[in-house]
Each structure stands twice: as structure tokens, then as C-alpha cells.
1. Hey, can you find the accessible area per residue of segment 1-60 for me, probe 1.4 Å, expressed in square angstrom?
2. Quickly work out the PHE5-to-GLN43 label distance, labels modelled 7 Å from Cα along the C-beta direction, and quote it in nm with one decimal.
3. May I ask you to evaluate 6.51 cos²θ - 1.76 cosθ + 1.60, the Karplus curve with θ = phi - 60°, for each residue of segment 35-40 and list the ³J(HN,Hα) values in order in whole Hz, giving x for glycine and proline?
4. Between ILE31 and GLU69, what length in nm is gained on full extension when 0.36 nm per residue of separation is reduced by their alpha carbon distance?
Amino acid sequence: VEKNFKLEEKITMLQQQNEELRARIEQNTVITRQLSEENANLQEYVEKEVEEKKKLSRTNEELLWKLQEGDAVSPVKLPPASSTSFYRCSSGDSSPAKVRTLRR
């Protein structure tokens, strides 16, 4: 009878441990699910950022190419000579700050 009583106590203790472990497994499952969702969201964010970076890089390369092509074709775009005349200031200084444009 005493042996039976000790075995019943042991069974009760093991059942409690079993319930505690099930609760921990359930909690871990919930946390794992949350972390998986967060991970998926972060991966999506990173993919969007990578695509945006690629797009900006392509735009930058295109603008640099246009700038280089523009410099090679026409370094300075001036208005037609017939509509504008250039005069030097009375000081005779030829720096760009001293040159002015007068329209006819």
C-alpha cells in the first residue's frame, strides 16, 4: 500500500511536469510564429530597400552618363547670339562675375 501511494505521488508529480512542459511548448510555438512573421516582414523590407537602392543606383548612373554626354556634346549651352549681346564691365575684368548680359 505504501509503495502504491509513492507511485501515485510520482505519477502526479510527472503529470504536473508534463503539463508545465506542454504550456512551455505552446508558449514557444506562439513566440516562434511571431518571430517568423517578423522575420518575413523584415525580409520583405530588406528586399524593397535593395530594389530601391538598385533603382537609385541606375538613376545615378543615368544622370552621370547624361552629364558626361552633355559635357562632351556642348559644354555650355548659350542662348542664340542674335537675341543677346555680351558686354564687359568698364573695369575690363573678364571674370564671369563681372560680365553682364543686355537684351536688345
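The values are calculated or read from the model by the stated rules, or taken from the named source; none is laboratory data. These numbers come from a predicted model, not from an experiment. Ideal geometry is used to build each Cβ from the backbone, glycine not excepted, and the neighbour counts take in all protein chains shown. Areas reflect the complete protein model, heavy atoms only, side chains present, ligands, DNA and RNA absent. Shrake-Rupley method; radii C 1.70, N 1.55, O 1.52, S 1.80 Å.
1. 101 Å²
2. Placing both labels 7 Å beyond Cα along the Cβ direction yields 5.8 nm.
3. 5, 5, 5, 5, 4, 5
4. Numbers: separation 38, 0.36 × 38 = 13.68 nm, distance 5.62 nm.
Additional length available on full extension: 8.1 nm.
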